[in-house]
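The values are calculated or read from the model by the stated rules, or taken from the named source; none is laboratory data. Given the structure is predicted, the values throughout are model-derived calculations rather than measurements. Every residue, glycine among them, receives a Cβ derived from its backbone with ideal geometry; neighbour counts consider all protein chains shown.
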Amino acid sequence: MSEHIVTTVDELNPGERITIQIEGREITVFNVEGTYRAYTNWCPHQSGPVCEGQLSGTWEADLDEEKKINFEWGREDEILNCPWHGWEYDVETGKCLSREGIKLPQHEVTVTDGDVVVTL
Amino acid sequence: MAKTRYSPQLSDYTVVDTDVHLRIPKEKIARYLDEPYKRRVEQGQFPTDSWDRYKSGRIEKGDVHTAEGLREGLCEQLGVDHPVVNPSMPWLPRIPEGDYAAAIATAYNKYLLDHVVDEDDDFFGIAQIPTQNVDNAVDEIERVGNESNIVGLYIIPMGTPEPLGNPRYDPIFDAAEKYDLTIAFHPHGTISAIDYPKQYYGFNKYISVHTLGFVWGNMQMIVSLIEQGIPVKFPNLTFTFLEGDTSWVPGLMFRLNKEYAARRDELPFLEKNPEDYIREFYFASQPLGEPNDGRDMDHLLEALDAPNMLMFSSDYPHWDFDSPNELSKYLGKLDEEERKQILSKNAVDAFGLNI
């Protein structure tokens, strides 16, 4: 295990991200409304640069009592879209929305004295 | 759950990509048009549809339209050595005016040569042919037929009043055979699905028309070739099928065999089984289906006889492209020679590539 200071809390505001090379891997740290998440910039689909994708919402739907499907656009800024093919990942958990069991490779992030630290 | 699959290192192989598109800005195409079509395109009157392919920017839309762009985005980034590039005006069959469609096709082919194929010795081109008017199609084939790096003809097998195997289109195959150009059929998701409200009898999501359109386009083209005996009439022509998926091809071969065994007298000119004809066609790998269990795709590729019939393709830079990483998941079980066939040699045979 190794610890790496990647930025400071002042330099990574909510909604922002930073990508750095650590030990030959591209790691992206996201500030998700004050919580930090770190993922390898690698999509399990076809190895695309997933962490460079847009953050957006997505469509959700439910069935009402009359069996009508009601669509609603929600979860704005919670979904990371891989720019290659649009695979959707929950930016807070790294879980793929369309493929069960698929997650982005995730790394621990801590804050020490104002430094944002990624542990590999 | 299936074990992790072994994917061989593709940098060890020569890779030919048999389906590479361009995204040419309208103003650059306009330069290759005469009036009044020039002003028409410059003013933005250009066929398209309203489907949101790139999910409003959530899938990145690369603006690749030069040899340098392909060299960087496809060759260096994805490890392709030899792209076979088509100029890809995807909505060509949707232009009702035959002469305008022909002018557009010519403009695209001229651009392809000037800015891509003639700019890089590793690149090859296939010229797009309009199908609204057979005379125009033959004229364009005659115009490009002697270009040394034009190795085939890109034909969208949809949008015509009858399937392209109909004898009305024989002059196209005749001209192709004369110039030793391989036919590359390439379907398009929404040619048969006009925008809302007439959409495949009511499908109203892009996932549906995209899933069906590409498969349907190539499937009906194969049936038409067999029905009309095109491989019998033009025995020196090679037929390839791009971007149609391949997993259904074995099923179609076996079904046509069954049908022919019972109904031979409807096609008495055939000299062998439908499967035997189809096994002489070549199929591009993209889009490779993504089963829950990869072993199912191993079986499908084996039924297809992939080492002899499959050619790698990416469909770069379209939204549903396949990186070579996707195909390499299924190459681990094959021997060296079989991998080389799929990654380059089948394409060399199909298109007569000089590499």
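For the reader, a short list of remarks on this structure follows.
- Residue check for B:Gly79: within 14 Å of chain A (Cβ to nearest Cβ) and not hydrophobic (A, V, I, L, M, F, W, C): yes
- Residue within segment B:40-49 that is among the hydroxyl-bearing types (Ser, Thr, Tyr), out of contact with any Pro (no Cβ under 7 Å at 6 or more places or on another chain) and either within 14 Å of another protein chain (Cβ to nearest Cβ) or crowded, with 17+ Cβ neighbours inside 10 Å (or both) present: no
- For segment B:282-296, the tally of residues that are surrounded by fewer than 21 Cβ atoms within 10 Å (Cβ to Cβ), without any contact (Cβ under 8 Å) to a residue 60 or more places away in the chain and away from every other protein chain (no Cβ under 14 Å) stands at 1.
- Within segment B:303-355, the set of residues being surrounded by fewer than 18 Cβ atoms within 10 Å (Cβ to Cβ), more than 14 Å from every other protein chain (Cβ to nearest Cβ) and in contact with a Lys or Arg (Cβ under 9 Å, 6 or more places away or on another chain) comprises B:Asp305, B:Asn308, B:Gly332, B:Lys333, B:Glu337.
- All positions within segment B:50-66 that are surrounded by fewer than 15 Cβ atoms within 10 Å (Cβ to Cβ) and of a type in the set (D, E, K, R): B:Asp52, B:Lys61, B:Asp63
- Filtered by the rule that a residue be among the hydrophobic types (A, V, I, L, M, F, W, C) and either over 14 Å from the mean Cα position of the chain (by Cα) or not in a strand (DSSP E or B) (or both), segment A:1-38 gives A:Met1, A:Ile5, A:Val6, A:Val9, A:Leu12, A:Ile20, A:Ile22.
- Of all residues in segment A:20-42 being surrounded by 15 or more Cβ atoms within 10 Å (Cβ to Cβ) and among the β-branched types (Val, Ile, Thr), the one that is nearest to A:Asp90 (Cα to Cα): A:Val32
- Taken over segment B:120-149, residues that are of a type in the set (D, E, K, R) and farther than 14 Å from B:Phe173 by Cα amount to 5.
- Residue within segment B:256-272 that is touching a Lys or Arg at 6+ places or on another chain (Cβ under 9 Å) and more than 14 Å from chain A (Cβ to nearest Cβ) present: yes
- When B:Glu60 is tested against (1) within 14 Å of chain A (Cβ to nearest Cβ); (2) over 23 Å from B:Ile191 (Cβ atoms); (3) in contact (Cβ under 8 Å) with a residue 24 or more places away in the chain; (4) among the acidic types (Asp, Glu), exactly one condition is not met: (3).
- Only one entry in B:Glu290, B:Glu302 is farther than 23 Å from B:Leu78 by Cα and at pLDDT 95 or above, namely B:Glu302.
- Taken over segment B:20-39, the criterion of being among the aliphatic types (A, V, I, L, M) and either within 14 Å of chain A (Cβ to nearest Cβ) or surrounded by fewer than 19 Cβ atoms within 10 Å (Cβ to Cβ) (or both) is satisfied by B:Ala30 alone.
- Residue in segment B:109-122 that is polar (S, T, N, Q) and in contact with a Lys or Arg (Cβ under 9 Å, 6 or more places away or on another chain) present: yes
- Enumeration of residues in segment B:1-58 that are part of a loop (DSSP other than H, G, I, E, B) and touching a strand residue (DSSP E or B) at 6+ places or on another chain (Cβ under 7 Å): B:Leu22, B:Arg58
- Every residue from segment B:250-279 that is among the β-branched types (Val, Ile, Thr) and more than 16 Å from B:Ala184 (Cα to Cα): none
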